[in-house]
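Colleague: Okay, handing you the structure first.
Only the coordinates and a few stated rules stand behind these numbers; no lab work does. Remember, it's a predicted structure, so these values are computed and weren't measured experimentally. Here Cβ is always computed from backbone atoms with ideal geometry, including for glycine, and neighbour counts include all displayed protein chains.
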C-alpha cells in the first residue's frame, strides 16, 4: 500500500506542477484553469469521502482501493484525451472520486479496520513511503512529458494504475471475509467516562484543528517559493530552501516510527503543530540561513501531523466506525486544501509575505492552544 500511495499521490496531487504548462500551451486554456482542475478534484474528493469511509467500514478497503486504481486509470485516460476545459474538468471529476477512495484517508481507514488499535505503526510506515511521492513522481512525469509528450504521459500513468496499483489493491489486501470483526466497546459505568455529547464535541474539535492545519499547509506548499522571494531570497536559494521540506518530513516520520510511537498521538499532534509554528515564525525574519532551519522545522512538523491525522481519531475513538469518521473528517480537510492556496494568494498579493506568515502563525497558535483540550487517554476497547 505504501507503493500505491506513492503512485496515487505522485500522479494526482503533484501532477499539475509538472504538466500544467504543457497542457495550457497545447489546449489554449489558462494556467489558472489548468491548476484549478486539482482544486476541483479535491472538492469532488471531499464530497465523496464520507461515502467512501462508510463503504470501508461495511465491506473493508480492498474493493474501495481497487476501484480507486480503476478510476485513476480512467481519469488519466480522459485527461490525456482532453481538448477543452469541459473534458479536462470531467477528467478531474473522475480523479477526484478516485482520490477520495485511494489517498491517505482511505488507506488509513483500511489499516484501521485490518489492525485495529495496532494500526499506528502501519499508518506511520505508510506515510513514510508516501512521503517520497513528489521525489519520485516529479522527475518521472517530467521525463515522460519530455520523452513522449504530456498526453502519452497521461496514458502511461493510466497503464501504471492498471498494471501496478490495481493488482496490489485487488490481490494483496485482505477481503471483507478476512477482516477482523468490529471491536466491542465496553461502556464504563464510571460517571467520568465521556458521554456521546462530549465525544461529539471532541470530534468537532479534532475536525476543526485538522481543517485549519490543512488550510495552512496547502497555502504554504503552493506559495512557498514566492514567499521566500518576497522575503529577499534569490531564486536558486529559494529552491534550495524548499527542497529541505521533503527530507525533514521523512526524518520526522522515521523518528515517529522509532521513538514517537511510545507517545500518545495527542502529544505527537502538539509537537507537530509547535514545530510548524516555530518554523513559520522564524521564516518571517527573512534571513536566508535561518530560513533553512525554519523550513526544516516546518517540514518535520508537517510530517508528524500527516501521521496524527490518521492516528489521533483512532486513538481517541477506537477502531469501530473508524472509516466513517475518517470520511467525515476528510470532507472539510479536502475543501480546505482546495481553498487554502486561493486564500493565501489573495493575502500574498494584497499584503505581502510577512502578513501571510503572520496569519498562518496565528492559525497555528490557535491549533496549538486547542490541542491542549485533547485527552491523552482513550475509551477502553476490547
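Colleague: How high is the relative contact order of region 280-382? Use alpha-carbon pairs under 8 Å, at least six apart in sequence, and give a whole percent. Before the final figure, lay out each step's value.
Modeller: Numbers: 42 pairs, mean separation 39.7, N = 103.
Worked out over region 280-382, it gives 39 percent.
Colleague: Report the semi-axes of the equivalent ellipsoid for region 20-68 in whole Å, largest first, where each axis is √(5λ) for an eigenvalue λ of the Cα gyration tensor.
Modeller: After scaling each eigenvalue by five and taking roots: 33, 12, 5 Å.
Colleague: Sticking with this structure for a sec: For every helix of n ≥ 4 consecutive DSSP H residues, a contribution of -39,500 (n - 2.57) applies; sum these over the chain, divide by its total residues, and give [θ] at 222 nm rounded to the nearest 500 deg cm²/dmol.
Modeller: Calculated at 222 nm, the ellipticity per residue is -26500 deg cm²/dmol.
Colleague: Expressed as a whole number of Å, what is the distance separating the alpha-carbon centroids of region 222-240 and region 249-283?
Modeller: Distance between centres, Cα-based: 24 Å.
Colleague: In the P(r) worked out for region 17-129, what percent of Cα pairs fall beyond 26 Å?
Modeller: Roughly 28 percent, once rounded to a whole number.
Colleague: Relative contact order for region 196-371: what is it in percent, counting Cα pairs under 8 Å that are at least 6 residues apart? Display every interim value, and only then the final one.
Modeller: Numbers: 207 pairs, mean separation 68.2, N = 176.
Computed value for region 196-371: 39 percent relative contact order.
Colleague: Could you tell me what % of all Cα pairs in region 289-349 have separations over 20 Å?
Modeller: 50
Colleague: Further question: Over the chain, what is the mean sequence separation of C-alpha contacts under 8 Å (at least six apart), divided by residue count, expressed as relative contact order in percent? It would help to have the intermediate numbers written out before the result.
Modeller: On the way: 613 pairs, mean separation 101.8, N = 382.
Over the chain, the number comes to 27 percent.
Colleague: Same structure again: Just want the ordering: 227, 18, from fewest to most Cβ atoms lying within 10 Å of their own Cβ.
Modeller: 18, 227
Colleague: Please work out the ratio of the alpha-carbon Rg of the chain to 2.2 N^0.38 Å and round it to two decimals.
Modeller: Cα-based Rg divided by the globular estimate yields 0.97.
Colleague: Counting pairwise Cα distances across region 244-336, what percent come out greater than 15 angstrom?
Modeller: Tail of P(r) above 15 Å: 63 percent of Cα pairs.
Colleague: Could I ask something else about it? Provide the gained length on full extension for the span residue 225 to residue 354, in nm with one decimal, where the gain is 0.36 nm per separating residue minus the Cα-Cα distance.
Modeller: 45.1 nm
Colleague: In addition: At a 10 Å Cβ-Cβ cut-off, how would you order 293, 217, fewest neighbours first?
Modeller: 293, 217
Colleague: At a 10 angstrom cut-off on C-beta neighbours, averaged per residue, how do the peptides 85-91, 266-272 rank from highest to lowest?
Modeller: Going from most to least packed, we get 266-272, 85-91.
Colleague: Moving on. Over all directions, average the projected area of the Cα convex hull of region 265-304 and note it in nm².
Modeller: Taking a quarter of the hull surface, the average projection is 2.2 nm².
Colleague: Assuming a viscosity of 0.890 mPa s and a temperature of 25 °C, what translational diffusion coefficient in µm² per second does Stokes-Einstein assign to region 196-371, Rh being the Kirkwood radius over Cα pairs?
Modeller: In µm²/s, the coefficient is 149.
Colleague: When only alpha-carbon atoms count, how far does region 107-182 stretch along each of its three principal axes, as whole angstroms with the largest first?
Modeller: If we take the Cα atoms of region 107-182, the spans are 49, 24, 13 Å.
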